[in-house]
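Read through the structure below, which is laid out as structure tokens, and then see the notes.
The values are calculated or read from the model by the stated rules, or taken from the named source; none is laboratory data. From a predicted model like this one, the values you see are computed outputs, not experimental measurements. Cβ: placed from backbone, ideal geometry, glycine included. Neighbour counts: every protein chain shown.
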Amino acid sequence: MNKIGELIKKHTLFFCIIIGFIISFINELLGRASLLETANFILDKPLMFIYNALIVAATVSIACLFSKKYFTMIVISTIWLAIGITNGIILSNRVTPFTFVDLKLFTDGIKVLPTYMSPFQIGAIVVGIVAVIVLLIFLWIKLPKHENDIHHKKNSRLVALFLVSFAIITTYCLKTGVLSTQFTSLVYAYEDYGVEYSFSATLLNTGMNKPKGYTEEKVNSIMDDVKNNTTETNSNNPNIIMVQLESLFDPTHVTDLHFSEDPIPFLRSLRQNYTSGFLSVPGIGAGTANTEFEVMTGMDLDFFGTGEYPYKTILTKTTSESLAYDLKDLGYSAHAIHNNTATFYSRNKVFAQLGYDTFTSKEFMNIQEWTPNGWAKDKILTGEIMKVLESTENQDYIYTISVQGHGSYSNEPNPDNKIKVTSDIDRENINAIEYYVNQIHEMDQFVEDLVNTINSFDEDTIVVFYGDHLPSLGIEKEQLDNGSIYQTEYVAYSNFDMEKQNVDLEAYQLSSYILDRVGIHHGTLPTFHQTNMGKEDYLANLEILQYDMLYGKHFSQGGVNPYTATNLKLGIYDVNIESIENSDDLPKVKTDEEEENESDVTEEPTSGIIVKGQHFTDRTKVCVNDEVLKTQFIDSETVVVKNKQLQSGDIVKVIQQGSKKVLQQGSKNRFLATSNEMTYVDETEENNVEN
């Protein structure tokens, strides 16, 4: 053992390189989930495998510069293994591999973890993490320092030479194109370049690089051309509703699948009669927010760093031109609706940066139906959309984000499924595919319900339906008759006459195309797309404008960012209380055990507080003197608190609390929204009064 220790001391760099090869092999095996696929990668791309091993070796070798050399080696090696293990776990549940940006989405990932993993699996992960931490603490105490190591100077010089050589090789490979920092597909990037390099690229390559040719003169030239070719906007504009359908695509494009009946008959009929086409989206199996970003802003994610989520990066620092800002210039009100939590992807903050007036999330909905894996069903959205349309007198722009089609998809057989699915090939996840198909069949029914409702609405309205990305079901491009895992479809229904067109679009073109169809020619990027699509320098000029607006000097906007973040209102209507009282006999309430069976309620002769008001949901909580109390929801006008009595002078209000306590935009209080306050006065004295 001492001989091995001495050998490591003498040849530390060589030992680091061995560690690099071992870790790189393990990470590829975890990511590819196949020894054969891992071997194929190593044999087909040996230089890339060696380079990945050297990335690990280079970082581990830095430990030679520390007195606790062995401990530092173990820590760095553990980090690389943790990246590989996390990537393997993520790829078992979605198509897109693990990136550095996912760390910024950590809180969102924690929220959905129970959907993808059992309590036992989550517990095992927690135990594993704790065990690793305990082991590292033990090693920190036990492993020796090497301050007087006679090999220290030699090893340090070798490491420095190795790091410099590695940096030179990397620079050369990047300049000659052997290595790439721009990936059109993260999925293929990890397959072609390996885990370590691809993950490092997502860490180091963020934001947008300054485009070649970016000058004030160039931007002005682009804008002059746009202005010279832009026509006038119509005076009578319709309501515009964008409906982003979670993970929805037409599964009949999968050539080996067969269905007992059409999964999406209504959407199919819409596509046959209204403007429609394929829609190229920036992600697969995940990345809903990036499709949103492209549709809302008209910006191309390909110009950003690898795996970028602008919601978590640039939009935390600045506002951006968007469909909301542009339409508000024309007198529209701008609203967002999502039947999931307000804080997911930080939408409760980002939507203010994109110009929305209101945002109705599930905390402000009385959702009655849920999928087996816990997502709200989309049928709730019809009523929420109509509430918005009826709440204003002017035209409305509504961006609606559905959630019913979200994974994970149960792979357990279900004899009660309405639609049965079979395959010509042996698919291990055929039951998961059948689960998904039955969910999107219900989403198709929601689309039909919304269209029928809008059809009888007395205002001109256009509704654009589209999928945000394909589901995480292991579907390969070779299995699709359209040949792309990055294509969903869109259809533009209107309750007024509009000529049908069949046009395939990129997600960042969709809004501009729809605006053009209804005669709206306004906004920097919408008019740019409308006048430049198909031109030779279209993408190069789009990149210049996009950089100018987000990272540059705003030449296209008069030298200053014209957009101020809105004071985003959560929910359409204010939650308010109208009366408060003590009671010795509370209304019927559901106990925790009865939550799963909504028809099973019990009369509980329990004393407590009754609060009456408007627009309550199951996320409404009663606060007495700023203390949040355990609250039970009765209906949209009643909530109660058991085993608590009000005293004269108590100040009562209700709050809307998210699944995680968050700051309301511009508020110092940790909740989504708050009601008016009332001061309780004992009935023997006088009536309660509102503050």
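For the structure I just gave you, tell me whether P265 is outside the structural domain of M48 (by TED's automatic domain parsing), more than 25 Å from I42 (Cα to Cα) and buried (at least 19 other Cβ atoms within 10 Å of the Cβ). Explain how you work it out, then say what you get.
On the way: outside the structural domain of M48 (by TED's automatic domain parsing): yes; more than 25 Å from I42 (Cα to Cα): yes; buried (at least 19 other Cβ atoms within 10 Å of the Cβ): no.
No, not satisfied.
From the list S484, S472, S456, which residue is touching a strand residue (DSSP E or B) at 6+ places or on another chain (Cβ under 8 Å) and assigned by TED's automatic domain parsing to the domain that holds P263? Walk me through it before giving the result.
On the way: S472 fails: touching a strand residue (DSSP E or B) at 6+ places or on another chain (Cβ under 8 Å); S456 fails: touching a strand residue (DSSP E or B) at 6+ places or on another chain (Cβ under 8 Å).
Going through S484, S472, S456 in turn, the sole match is S484.
So is I23 touching a residue at least 40 places away in the same chain (Cβ under 8 Å) and over 21 Å from T99 (Cα atoms) or not?
no
Quick check on G285: is it assigned by TED's automatic domain parsing to the domain that holds S511 and either under 27 Å from I419 (Cβ atoms) or under 14 Å from the mean Cα position of the chain (by Cα) (or both)? Give the steps one after another, and end with the answer.
Details: assigned by TED's automatic domain parsing to the domain that holds S511: yes; either under 27 Å from I419 (Cβ atoms) or under 14 Å from the mean Cα position of the chain (by Cα) (or both): yes.
So G285 fits the description; yes.
Any residue at all in region 243-252 that's part of a helix (DSSP H, G or I) and among the hydrophobic types (A, V, I, L, M, F, W, C)?
No, because not a single residue in region 243-252 is part of a helix (DSSP H, G or I) and among the hydrophobic types (A, V, I, L, M, F, W, C).
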Do we have any residue at all in region 100-110 that's exposed (fewer than 13 other Cβ atoms within 10 Å of the Cβ), assigned by TED's automatic domain parsing to the domain that holds E28 and modelled with pLDDT of 85 or more?
no
For region 184-198, state whether one or more residues are modelled with pLDDT of 95 or more and either within 30 Å of V56 (Cβ to Cβ) or part of a strand (DSSP E or B) (or both). no
Among the residues that make up region 295-303, is at least one of them surrounded by fewer than 17 Cβ atoms within 10 Å (Cβ to Cβ) and touching a residue at least 24 places away in the same chain (Cβ under 8 Å)?
yes
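Could you pull out the residue among V56, V134, V95 that is touching a Phe, Trp or Tyr at 6+ places or on another chain (Cβ under 7 Å) and in the same structural domain as G20 (by TED's automatic domain parsing)? Break it down into steps so the answer makes sense when it comes.
Values: V134 fails: touching a Phe, Trp or Tyr at 6+ places or on another chain (Cβ under 7 Å); V95 fails: touching a Phe, Trp or Tyr at 6+ places or on another chain (Cβ under 7 Å).
Result: V56 is the single residue among V56, V134, V95 that is touching a Phe, Trp or Tyr at 6+ places or on another chain (Cβ under 7 Å) and in the same structural domain as G20 (by TED's automatic domain parsing).
If you check S472, S423, S484, S456, which single one turns out to be among the small types (G, A, S) and buried (at least 17 other Cβ atoms within 10 Å of the Cβ)? Give the derivation first.
On the way: S423 fails: buried (at least 17 other Cβ atoms within 10 Å of the Cβ); S484 fails: buried (at least 17 other Cβ atoms within 10 Å of the Cβ); S456 fails: buried (at least 17 other Cβ atoms within 10 Å of the Cβ).
Testing whether each residue is among the small types (G, A, S) and buried (at least 17 other Cβ atoms within 10 Å of the Cβ) leaves just S472.
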Out of (1) surrounded by 21 or more Cβ atoms within 10 Å (Cβ to Cβ); (2) farther than 28 Å from L327 by Cβ; (3) in contact with a Leu (Cβ under 7 Å, 6 or more places away or on another chain), the one N239 does not meet is (2)
Note on S391: of the conditions (1) touching a His at 6+ places or on another chain (Cβ under 9 Å); (2) closer than 20 Å to E246 by Cα; (3) at pLDDT below 95; (4) among the small types (G, A, S), unmet is (2)
